[in-house]
Amino acid sequence: MASKKNEKKSEGLSSALRVKAGPVDLSSFDPRATTGFSGTKEEGREALAALAPEVSDWQERLFAEGRKGGERSVLLVLQGMDTSGKGGVIRHGAGLMDPQGLRITSFKAPTPAEKRRGFLWRIRQALPAPGQIGIFDRSHYEDVLIARVRNLVAAPVWNRRYDAINEFETELAGAGITVVKCFLHISPEMQKERLQARLDDPTKHWKYNPGDVDERQLWPAYTEAYEAAIEKCNADHAPWHVIPSDRKWYRNWAVTTLLLETLQDLNPEWPKADFDVALEKSRVAES
């Protein structure tokens with residue numbers, strides 16, 4: 001079981017990991033940090049498992065609220081370099097929740113048809129419905145990341161997209177969607193180690209993409225692109241959090257804890273019965 005000391009420290013983790021307004025220098029964030037948690041790897045795994053009942057309860061409250069006319073939902077955005085662990089977060093964090101209240105979307109390269117509709121069109125199609133928790137594995141930020149680094153569009157185009165993203169996220173907030181954005185921060189050394197591990201294990205070959213090595217050569221350019229995206233799109237209603245991700249167990253615990261804190265802040269309540277409870281008890285007893 002997680003110690004009381006760690007349980008107390010986890011309070012306000014969102015505030016501790018949130019990126020402050022102003023210029024962003026990712027080199028100032030330690031990818032091996034365990035902010036808000038002082039225990040061991042095993043204790044971290046136990047702490048994650050211990051979150052399950054509470055996360056499940058709050059998710060069910062939100063889902064029930066949505067089924068009874070509520071309009072609120074949550075969108076968890078996961079971004080990070082290859083091997084940073086977006087899939088791992090989804091398996092370990094989302095695995096604690098009821099699938100019927102989840103909507104998970106993994107964004108790959110847009111199709112020609114999607115490109116013709118504008119970069120936010122496919123994002124809008126994947127937004128969580130009222131009562132749902134949506135999780136994006138990559139997101140609209142790819143259009144100011146890989147599009148910028150790989151020169152897929154001209155500089156004036158991707159530059160305009162920062163404003164479009166801010167307007168879009170303001171729109172989401174107005175529609176009752178709470179956006180939680182997480183940058184899974186790993187070191188280039190850890191990425192190399194994880195790529196090598198995939199090659200050493202035949203059961204992980206399916207996860208290996210030779211193109212990841214090509215992208216790895218562009219690490220400085222991607223870092224610059226992430227710093228710009230985080231700095232320019234870091235509003236109070238849609239803040240960025242930098243999640244130290246060299247330690248998988250901490251990454252999973254931290255993102256799940258952020259999600260739990262978000263649900264607690266929303267404080268969805270169980271819908272009140274819209275029928276006569278006493279009468280229904282009587283009818284059931286007599287049936």
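Per the conditions (1) among the hydrophobic types (A, V, I, L, M, F, W, C); (2) touching a Lys or Arg at 6+ places or on another chain (Cβ under 9 Å); (3) farther than 15 Å from Leu76 by Cα, the sole criterion not satisfied by Trp253 is (3). The set of residues from segment 92-107 being more than 16 Å from Arg138 (Cβ to Cβ) and open to solvent by 20 Å² or more (accessible area, probe 1.4 Å) comprises His92, Gly95, Leu96, Asp98, Pro99, Gln100, Leu102.
Scanning segment 230-249 for residues that are part of a helix (DSSP H, G or I) and closer than 13 Å to Val77 by Cα yields a single hit, Ile230. Taking the criterion of being assigned to a loop (DSSP other than H, G, I, E, B), modelled with pLDDT of 95 or more, surrounded by fewer than 21 Cβ atoms within 10 Å (Cβ to Cβ) and in contact with a helix residue (DSSP H, G or I) (Cβ under 9 Å, 6 or more places away or on another chain), would at least one residue in segment 11-19 satisfy it? Checking segment 11-19: at least one residue is assigned to a loop (DSSP other than H, G, I, E, B), modelled with pLDDT of 95 or more, surrounded by fewer than 21 Cβ atoms within 10 Å (Cβ to Cβ) and in contact with a helix residue (DSSP H, G or I) (Cβ under 9 Å, 6 or more places away or on another chain).
Tell me, please, whether a residue that is in contact with a Ser or Thr (Cβ under 7 Å, 6 or more places away or on another chain) and polar (S, T, N, Q) can be found in segment 103-125. No: segment 103-125 contains no residue that is in contact with a Ser or Thr (Cβ under 7 Å, 6 or more places away or on another chain) and polar (S, T, N, Q). Identify the residue in segment 23-53 that is among the small types (Gly, Ala, Ser) and open to solvent by less than 40 Å² (accessible area, probe 1.4 Å) and, among all such residues, is farthest from the chain's Cα centre (by Cα). That would be Gly39.
Of the residues making up segment 132-160, those that are under 30 Å from Thr256 (Cβ atoms) and charged (D, E, K, R) are Asp137, Arg138, Glu142, Asp143.
The set of residues in segment 142-172 that are open to solvent by less than 40 Å² (accessible area, probe 1.4 Å) and touching a strand residue (DSSP E or B) at 6+ places or on another chain (Cβ under 7 Å) comprises Glu169, Leu172. Remark: pairs (first residue in segment 19-46, within 16 Å of Ser187 (Cα to Cα); second residue of a type in the set (Lys, Arg) and open to solvent by 30 Å² or more (accessible area, probe 1.4 Å); Cβ separation under 7 Å; 6+ apart in sequence or on different chains) = Arg32/Arg247; Thr34/Arg247.
Filtering segment 261-280 to residues that are part of a helix (DSSP H, G or I) and open to solvent by 10 Å² or more (accessible area, probe 1.4 Å) leaves Glu261, Thr262, Gln264, Asp265, Leu266, Val277, Ala278, Leu279, Glu280.
The values are calculated or read from the model by the stated rules, or taken from the named source; none is laboratory data. Worth saying up front: this structure is predicted, and the values here are computed from it rather than measured. Neighbour counts are summed over all protein chains in view; Cβ atoms, including those assigned to glycine, are modelled from backbone coordinates with ideal geometry. These accessible areas exclude ligands, DNA and RNA; they are computed on the full protein's heavy atoms, side chains included. Shrake-Rupley method; radii C 1.70, N 1.55, O 1.52, S 1.80 Å.
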